[in-house]
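The values are calculated or read from the model by the stated rules, or taken from the named source; none is laboratory data. What you see is a predicted model; the values in this text were computed from it and never measured. Note that each Cβ is placed from the backbone with ideal geometry, even for glycine, and that neighbours are counted across all protein chains shown. What goes into the accessible areas is simple: the full protein's heavy atoms, side chains included, and nothing from ligands, DNA or RNA. Shrake-Rupley method; radii C 1.70, N 1.55, O 1.52, S 1.80 Å.
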Amino acid sequence: MSRYRIFVDGQEGTTGLRIHEMLARRSDVEVLLIDADKRKDSAERARLLNAADVAFLCLPDAAAKEAAALVTNPNTCLIDASTAHRTVAGWTFGLPELAAGQRAKLRESKRIANPGCHASAFILALRPLVDAGLVPAALPLSATSITGYSGGGKSMIAEYQAGGNAKLESPRPYGLTLAHKHIPEMLAHTGLTTKPVFMPIVGNFYKGLAVSVPLHFSQLAPGTDGAAIQRALAQRYEGERFVKVLPLGDAAALDGGFFDVQACNDSNRCEIAVFADAQQAIVIARLDNLGKGASGAAVQSMNVHLGLDEGLGL
Ligand SMILES: NC(=O)C1=CN([C@@H]2O[C@H](COP(=O)(O)OP(=O)(O)OC[C@H]3O[C@@H](n4cnc5c(N)ncnc54)[C@H](OP(=O)(O)O)[C@@H]3O)[C@@H](O)[C@H]2O)C=CC1
Ligand SMILES: CC(=O)N[C@@H](CCC(=O)OP(=O)(O)O)C(=O)O
């Protein structure tokens, strides 16, 4: 049996290494490796990109754009983990659970842009509520994301792991220009038309992420309550392998009243929880920023594209 040829451009980086770990367990793929001293050599990267059936781009945005321009082989499918192409025409958003028909698009497309980690959680939580008409598309929302430091890639990991900086011990809000790079994809792929106020917070733990969105029923479709929100989400993701909607107010999702943002670590799962009283709800989606938030999602997209079992290697 001939094996699929896979290249990871950025194989030494955080998401690239994780993809390698996932592919190493598989016998149906051959991973094309680049010599360490040539990993930024455009000619060598071009050779391997064009030799691959699927190439993952685990690179900063500028290098991902450069890599895309190096591909001339019409058979090569690019799966870009960076922010560069997530709202660009001609690229398919790498979230199979986005909507009916998304898997068919991923199967056909040779250009797949994988979602950002915060955006994955936000979109999975909000898209069904907008589609169901419970959340009006123009509603001004706010969202907070608590994330582990591996989301910041090699440089942030080194900063945290060096130790000795007391400022890194407490959670740090950022994105305070109100222009986080995930906001365009959050709008484009939920159907929301008003930019949400989005504030991520990075904490002193390696990985795991939870996006919280507060909702006031007075601003939603008439009659909407916590049960209706949970039901819309549960119906939308019924039968999905990697998206799990928890029961309304699920005490089991809490640890003595606290929500564990690391509960989906080392999995490709996103769990969505709804907590509500008579007037308000908080929808929280948690995932592993290097799992469903990045490398796991990229491998899932590859499996869908190649027509394989979607969970292979995950
Ligand atoms: N970490 C996460 O949780 C997530 C990351 N992403 C995105 O995925 C992409 C990769 O992120 P991440 O793995 O965290 O980043 P890292 O910083 O950990 O790794 C990036 C890698 O790309 C290499 N690189 C940089 N420029 C070039 C170039 N011109 N040619 C070849 N290689 C190059 C770097 O080399 P060197 O080793 O020399 O620095 C590094 O190994 C980014 O766009 C990021 O935003 C997406 C979702 C989640
Ligand atoms: C902690 C941290 O810095 N996290 C990153 C998100 C990582 C991610 O999803 O990456 P891309 O959108 O770049 O692909 C951030 O908020 O910018």
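What's the extension gain from K167 to S27 if we count 0.36 nm per residue and subtract their Cα-Cα distance? Spell out each step's value before the answer.
Working: separation 140, 0.36 × 140 = 50.40 nm, distance 4.50 nm.
Result: 45.9 nm gained on full extension.
Roughly how many Å² is the accessible area per residue of the range 117-289, as a whole number, for a 1.4 Å probe? Working shown, then result.
Working: 7760 Å² over 173 residues.
Here the per-residue accessible area is 45 Å².
Defining a contact as two alpha carbons under 8 Å apart and six or more residues distant in sequence, what relative contact order in percent does the chain show?
Details: 672 pairs, mean separation 59.0, N = 314.
Value for the chain: 19 percent.
With θ taken as phi - 60° and the coefficients 6.51, -1.76 and 1.60, list the Karplus ³J(HN,Hα) couplings across the range 78-89 in order, rounded to whole Hz; mark glycine and proline as x.
Values, residue by residue: 9, 10, 9, 7, 7, 7, 4, 10, 6, 10, 9, 4 Hz.
What is the angle, in °, between the Cα long axis of helix 226-236 and the longest principal axis of the Cα atoms in the chain? Nearest 10 is fine, range 0 to 90.
For 226-236 against the chain, the angle is about 30 degrees.
Using only the alpha-carbon atoms, what does the range 1-124 span along each of its principal axes? Please give whole angstrom values in decreasing order.
Extents along the principal axes: 40, 36, 27 Å.
Using only Cα atoms, locate the centre of the range 266-306 and the centre of the range 27-83, then give the distance between them in Å, rounded to an integer.
26
Is the C-alpha gyration tensor of the range 269-311 telling us rounded, prolate or oblate? Criteria: a/c under 1.5 is rounded; beyond that, a/b larger than b/c is prolate, otherwise oblate.
Working: a/c = 5.12, a/b = 2.85, b/c = 1.79.
It is prolate, given that a/c is not under 1.5 and a/b is the larger ratio.
Rank T194, I79, S150 by how far each Cα sits towards the positive end of the charge dipole of the range 59-198 (+1 on Lys, Arg Cβ; -1 on Asp, Glu Cβ) and give me just the farthest.
The listed residue farthest towards the positive side: I79.
So what is the accessible area of the range 16-69 per residue, in Å², with the probe set to 1.4 Å?
With all protein chains present, the range 16-69 gives 49 Å² per residue.
Would you list, by chain and number, the aspartates and glutamates whose Cα falls below 20 Å from the Cα of K181, excluding same-chain residues fewer than 8 positions away?
Candidates past the 8-residue exclusion: D61, E66, D80, D288.
What is the helix-to-structure angle for 61-70, meaning the angle in degrees between its Cα long axis and the longest Cα principal axis of the chain, kept from 0 to 90 and rounded to the nearest 10?
So the helix axis and the longest Cα principal axis differ by about 40 degrees.
Could you tell me what percent of the accessible area of the chain is made up of carbon and sulfur, with a 1.4 Å probe and every protein chain present? Working shown, then result.
On the way: 7160 of 13390 Å².
Answer for the chain is 53 percent, counting heavy atoms of protein chains only.
Using amide H atoms built 1.01 Å from N in the peptide plane, name the residues 5+ places from A55, or on other chains, whose amide H lies under 5 Å from its own.
Under 5 Å from the amide H of A55: F7, C77, L78, I79.
Give the angle, between 0 and 90 degrees and rounded to the nearest 10, that separates the Cα long axis of helix 153-162 from the longest principal axis of the Cα atoms of the chain.
70
Net charge near V304, counting Lys/Arg +1 and Asp/Glu -1 over other residues with Cβ under 12 Å of its Cβ?
Numbers: positive: R103, K105, R107, R241; negative: E97, E108, D309, E310.
Here the charged neighbours net out to 0.
Once you have the Cα-Cα distance between T87 and K244, take 0.36 nm times their residue separation minus that, and quote the gain in nm to one decimal.
Values: separation 157, 0.36 × 157 = 56.52 nm, distance 2.60 nm.
Going from the current span to full extension adds 53.9 nm.
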